[in-house]
Amino acid sequence: MVQLRPRASRAPASAEAMVDEGQPASEEEAEHGLLLGQPSSGAAAEPLEEDEEGDDEFDDEAPEELTFASAQAEAREEERRVRETVRRDKTLLKEKRKRREELFIEQKKRKLLPDTILEKLTTASQKCNLIFLVNLQKKNEDCEKGSGSKKVKVQKVQSISQNKSYVALRLKDQDLRDSRQQAAQAFIHNSLYGPGTNRTTVNKFLSLANKRLPVKKAAAQFLNNAWGTQKKQNAKKFKRRWMLRRMKTPKK
Amino acid sequence: MGEFKVHRVRFFNYVPSGIRCVAYNNQSNRLAVSRTDGTVEIYNLSANYFQEKFFPGHESRATEALCWAAGQRLFSAGLNGEIIEYDLQALNVKYAMDAFGGPIWSMTASPSGSQLLVGCEDGSVKLFQITPDKIQFERNFDRQKSRILSLSWHPSGTHIAAGSIDYISVFDVKSGSTIHKMIVDRQYMGVSKRKCIVWGVAFLSDGTVISVDSAGKVQFWDSATGTLVKSHLIANADVQSIAVADQEDSFVVGTAEGTIFHFQLLPVTSNSNEKQWVRTKPFQHHTHDVRTVAHSPTALISGGTDTHLVIRPLMEKVEVKNYDAALRKITFPHRRLISCSKKRQLLLFQFTHHLELWRLGSTVATGTVEAMCLLAVSPDGSWLAASGTSAGVRVYNVKQLKLHCTVPAYNFPVTALAIAPDTNNLVIAHSDQQVFEYSIPDKQYTEWSRTVQKQGFHHLWLQRDTPITHISFHPKRPMHILLHDAYMFCIIDKSLPLPSDKTLLYNPLPPMNESDVVRRRTAHAFKISKIYKPLLFLDLLDERTLVAVERPLDDIIAQLPPPIKKKKFGT
């Protein structure tokens, strides 16, 4: 059984009371009160006596009279309040969880196919169950990497709808396949033409013979026609414009 | 003969794609060749090396491995992860089966021919069973750490050698487990940062495994103990392919520098029993990487990035030393890729993915996608001649839409067909350089054809390398037949006497003041000119004009990928 003791409320109250009386003494008393206030967590009742002790030094008034009954009533009130808050918290949490669950169910429903198709699938599957078993077995033999389960799905779709003929493909599989193929091509390109291989251009290769002839000839592809294409295009445009301008001015 | 104006066309930008794999079938003496763009060609080596079948390719079906299995079935595998079987009768792809191992790098058939083994990107070696109509997955072997780049079966079918990156593993077929893992040095007697890729392995029946790798080494390993026996450094670049003869006394390797080396098992001294492997002959017939080699009983076959297929018969294996023993280099296609419309002066070029239509005299280009086959239509539109894979050329009557007659079958495939305009004679050229003339209305061979056959062709005519790819006729001169192959064109004049074996076949041509005019002073029927070569197409446009499409080899080479650097003194 949890018993919540309102010990923290007492300590600041005692500090405030002592501050009113006087500065240095009050600080001491505050410290004292606080110190006394904290370790008293084990005690169930009567932190009032410490207050009374502190108060005694400053005024000769009689301590407050608090009957046992009132204190008990207060304590019970406190307990009830605390229990209430706890219950409220619990119910709030429950509600939250409930709402979340409903949201998830709804999302799941949205993800699945509409009921009509599901019905069709279940009825059709009952018809040709045997064939599926055989197919599944075969497919399980073939593919053990985990993509086998996906392939089974594909197989199912194919044989159910016999009026329409289509093949369902998982795009994720295709991406994986493409990336693997690209990696393989990159590997072979790298190993044959990548860094570390001793490759040269075709032009240089064909020109070797020309260089060793008794009468040295030029390289096989001496001119680089792809050089400065942008420059050449600009020059062409400029020339055309200039010609037009020249043709226009004498007419004036 | 007449003077002609000639349109010399050199702008047909035909670049063949490099050869990736070759596979030799001993039983039928056929060679399957696959290229980097996915086309597969089948050459009939006994029919004068004629390319008889052709499967057009697609980049997604680019092959990395090709093999014959179960007799006459052809399989290929590539980087898209599928094993493809080809239907050789229907000339299409039978089916494509995904191997679920990622890209496939290598494939080999078992010695019995009933099983197929593939090596995949993820390091797994998969065994497939060949059933009569399909292949079926059987099991996986132990998975390795890096991709399996080459495979080889032991001739007894009990063990397998698989080459990977930096190591070779030997598997036991029955259990599928690795027996040995042999580590390959990265450099011959040295250290290198680059990984050593084992491009090819071969398993001999005495347990020796021969490996070729990217450091330029050929190494002999003992599979019983898993140790290195001998190492040869033969090149500064990768050695990319290996093929062993059936008798296991010789093998050939191809390097990235374009050289192929022949290794033979020879006795140590002339009368000792001990034999060792010796590197005997180098051949330099290629300029770029030799990515694949094959060993037939009498010849070494090599192909690579420079697109030539080279068949080098071995002198010691050839019985009769005749023209058959010379080197064959197949560069230009054996099919006609160009057609000409005479009235409209248009030329149609066939590329892999598009067609280009050019008007002679001006330039226009369009594109569509079509297919081509060996057909000939008579100019008046009443007859259609077709030759397919089965024997005999069939002639159909177009107006009545039925079969008219069939030319008797000949054991060599047809390379060119044409129907003459007025006489409706069908002229057929075969791959052994025989030319027949068949009269369609009479349903028999013509007189001229019979005389030619009786006398036989000139021996130089029969020794030509390349097949005749196009035949055409002169509209005003029915006695002339114009035909050409890659290195010559010839006008046969039926009215002149035929040359006997002793006369000169090729007559010297006196040079004229115009370079486009050709003139001959001969007395025999075969008038041959070798001015325009290499010739892809030649045809008669009208009475006075010829069009010749040439493809200089240099233009093709200029568009190939980079070769290995060769250091020559003084450059």
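Here, each number is a calculation from the coordinates, and none is a lab measurement. Note that the structure is predicted; figures quoted are calculated from it, not measured. Positions of Cβ are generated from backbone atoms using ideal geometry, with glycine treated the same way; all protein chains shown enter the neighbour counts.
Kirkwood hydrodynamic radius computed over the range B:83-225 comes to 15.8 Å, based on all pairs of distinct alpha carbons.
Considering only the other residues whose Cβ falls under 10 Å of the Cβ of A:Thr197, what net charge follows from Lys and Arg at +1 and Asp and Glu at -1?
Summing Lys/Arg as +1 and Asp/Glu as -1 gives +2.
Dipole magnitude for the range B:281-320: about 40 debye, using +1 per Lys or Arg Cβ and -1 per Asp or Glu Cβ, origin at the Cα centre.
Loop-located chymotrypsin sites (Phe, Trp or Tyr not before Pro) across the range B:234-324 with a Cβ neighbour count of 12 or fewer within 10 Å are lacking, with loop assigned by DSSP.
Neighbour counting of Cβ atoms within 10 Å sorts the residues B:Ile234, A:Ile105, B:Ile311, fewest neighbours leading, into A:Ile105, B:Ile234, B:Ile311.
With 28 Å as the limit on Cα-Cα distance, the pairs of B:Lys281/B:Lys568; B:Lys275/B:Lys317; A:Lys216/B:Lys565; B:Lys275/B:Lys565; B:Lys126/B:Lys317 that go past it are B:Lys275/B:Lys565; B:Lys126/B:Lys317. The mean count of C-beta atoms from other chains within 10 Å of the C-beta of residues in A:193-204, rounded to a whole number, is 5. Under 5 Å between amide hydrogens, built in the peptide plane, is the criterion, and for B:Ile83 it picks out B:Met97, B:Asp98, B:Ala99 among residues at least 5 positions away or on other chains. Using Cα centres only, tell me the gap between the range B:145-180 and the range B:412-479 in whole Å. The two parts, judged by their Cα centres, are 54 Å apart. Put simply, when B:168-175, A:232-239 are sorted by average Cβ atoms within 10 angstrom per residue, most first, you get B:168-175, A:232-239. With just the Cα atoms defining each centre, how far is the range B:233-304 from the range B:63-121? Give it in Å. A separation of 26 Å, based on Cα centres. Neighbour counts of other Cβ atoms within 10 Å put B:Tyr487, B:Tyr49 in the fewest-to-most order B:Tyr487, B:Tyr49. Highest average first, the peptides B:69-78, B:266-275 ordered by how many other beta carbon atoms sit within 10 Å of their residues are B:69-78, B:266-275.
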